[in-house]
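The values are calculated or read from the model by the stated rules, or taken from the named source; none is laboratory data. Keep in mind that this is a model prediction, so the values were computed, not measured. Every residue, glycine among them, receives a Cβ derived from its backbone with ideal geometry; neighbour counts consider all protein chains shown.
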Amino acid sequence: EGPVQVVTYKRFETGQLMGSVQLGLHQSIGSLAKQEDRDLLMKDFLPIVTVSFTKDGVLEKTPAHNYSEFRFRSYAPFAFKKFRQIFEIEERDFLVSLCSEPMFELSNPGASGSIFYITLDDKFICKTVQHKEADFLRELLPGYSMNLKQNPRTLLPKFFGLYCYSVNAKNVRIIIMNNLLPSDLKMHHRFDLKGSTYKRKASRTERAKGSPTFKDLDFLEMYPEGILLQPELYDNLMNSIERDCRVLESFKIMDYSLLIGIHNLDMAAKEEGGEGLGGAGSENTSLCGSDVRGGIPPLQNQQSMLERQGSIVMRDRPIAHTTALESITMEVDPSDDEFIDETDVGPEVKNVWGGIPAKNHRGDNLLLFIGIIDILQSYRLLKKAEHYWKSLFHDGDTVSVHRPSFYAKRFQTFIGEKVFRKMPSNLKPTLSFRR
Ligand code: ATP
Ligand code: CA
Ligand code: CA
């Protein structure tokens, strides 16, 4: 047992859990490299590869270690490898991001008890999920894969892997997905929105946190006039959401949220005493391969160095790390989009963070980071827990419990009417979006 305070999950101490998982990931991803590449087949969604990690290790297979002996399972490893290919993640980069440095634990406002870890380079999030959710993801894979091919730039979560760490009879299932909110950029507000108003208010303990995640009712109170988007962006965003909701509905998925991180450029400028625009123009950006947090292979470092010097303006961001703006404006390369700032704060800001430009009702300039999260609850699998589903529709009729379409519709109506509005034409954006 550790000396002072030890964070635990299912009674596993975090250091041991993360350390063991990293050993498992290293072995799993490494061994895939030896497998020859080919097209994805239906049968690739089924395999579960189990490897035992004994204390002494096995020559050329698993290393010796000082943790409890464990087994590590990789679900559909080849299929996920193909997904990573589609998302344009190099296997070597994936390995380095996940295994070369310890990860950070994120505080989770959710009630599920899941733990979130984020890689030091800010690129990936590991989330512990329930048995049912893991089973559902496995079932979802063929359909998910189909959707991915048709629409790789979506607001839906990007899944890069599913694994299980097990000791004796205890299992910890982990999914690896994309991080939506850059940690180096201050989020002035963060919302988890479902389109329901029933009990959708951040708790007292949540509010007391440094960076709380607020909910629907808080949003209505804090942004009574919504968030203003330029009409073209509004249309793009709502189209993306509609397209994604159609997919979720087809899988009978409900209870998902829209996660919104809001960086207020004007507030940030004030906080920094007028120097620069809240780091948005600073060089310290994790999105173009910053080296400050370590763990990035040399090639990318060189690239970002060149970018910083301004000698080439290119955005080689893999689809895996598609920004909010790219997700909704598919053909637009954000490196070409300059934000002309007409306030006295600074001359011109490049939106290196890839946030969606917006305004609040006071006219403050905002950058938004958004995505749809927590999509592994399917009505079909959880049918028995009727009371759970009823609670989702407290403000609807009970019949709608049997209609995932109701959830999707309510979600879209709330987002499209209460959360985002079209900027009136008389409100001239100081932060303009230019093609
Ligand atoms: P619930 O109790 O709602 O079931 P949960 O444990 O399943 O919660 P999520 O709803 O997936 O957790 O996420 C909880 C919070 O974690 C979100 O509100 C958000 O603040 C953060 N979060 C989740 N996914 C991401 C992500 N991909 N990028 C950044 N932050 C995330
Ligand atoms: Ca949730
Ligand atoms: Ca959940």
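Scanning segment 87-136 for residues that are in contact with a helix residue (DSSP H, G or I) (Cβ under 7 Å, 6 or more places away or on another chain), within 13 Å of ligand 1 (Cβ to nearest atom) and among the aromatic types (F, W, Y) returns Y117, F124.
Being of a type outside the set (G, A, S), over 20 Å from D44 (Cα atoms), out of contact with any Phe, Trp or Tyr (no Cβ under 8 Å at 6 or more places or on another chain) and touching a residue at least 40 places away in the same chain (Cβ under 8 Å) is not true of D192. When T50 is tested against (1) modelled with pLDDT of 95 or more; (2) surrounded by 13 or more Cβ atoms within 10 Å (Cβ to Cβ), just one condition goes unmet, and that condition is (2). Here L156 fulfils each of the conditions (1) modelled with pLDDT of 90 or more; (2) in the same structural domain as T323 (by TED's automatic domain parsing); (3) within 16 Å of ligand 2 (Cβ to nearest atom) apart from (2). Restricting to segment 241-265, give me the number of residues that are outside any strand (DSSP E or B), away from ligand 3 (no atom under 16 Å from the Cβ) and buried (at least 22 other Cβ atoms within 10 Å of the Cβ). Counting residues in segment 241-265 that are outside any strand (DSSP E or B), away from ligand 3 (no atom under 16 Å from the Cβ) and buried (at least 22 other Cβ atoms within 10 Å of the Cβ) gives 4. Within segment 115-151, track down each residue that is part of a loop (DSSP other than H, G, I, E, B), buried (at least 18 other Cβ atoms within 10 Å of the Cβ) and of a type in the set (S, T, N, Q). Correct list: T119 only. Within segment 94-107, is even one residue modelled with pLDDT under 95, within 16 Å of ligand 3 (Cβ to nearest atom) and of a type outside the set (D, E, K, R)? Yes, segment 94-107 has at least one match.
When V172 is tested against the conditions (1) over 17 Å from G371 (Cα atoms); (2) assigned by TED's automatic domain parsing to the domain that holds F83; (3) out of contact with any Phe, Trp or Tyr (no Cβ under 6 Å at 6 or more places or on another chain), the lone failure is (3).
Taken over segment 210-232, the criterion of being surrounded by fewer than 12 Cβ atoms within 10 Å (Cβ to Cβ) and within 14 Å of ligand 1 (Cβ to nearest atom) is satisfied by G210 alone. Looking at L233, L185, L228, L220, just one residue is in a helix (DSSP H, G or I) and closer than 14 Å to L367 by Cα, and that residue is L233.
Residues that are out of contact with any Phe, Trp or Tyr (no Cβ under 7 Å at 6 or more places or on another chain) and away from ligand 3 (no atom under 16 Å from the Cβ) within segment 131-143 comprise just one, E139. Residue-level analysis places T154 among those that are in contact (Cβ under 8 Å) with a residue 12 or more places away in the chain, β-branched (V, I, T), buried (at least 21 other Cβ atoms within 10 Å of the Cβ) and closer than 18 Å to Y256 by Cβ.
Of all the residues that make up segment 180-196, how many are more than 16 Å from A111 (Cα to Cα) and within 16 Å of ligand 2 (Cβ to nearest atom)?
The number of residues fulfilling the criteria is 5.
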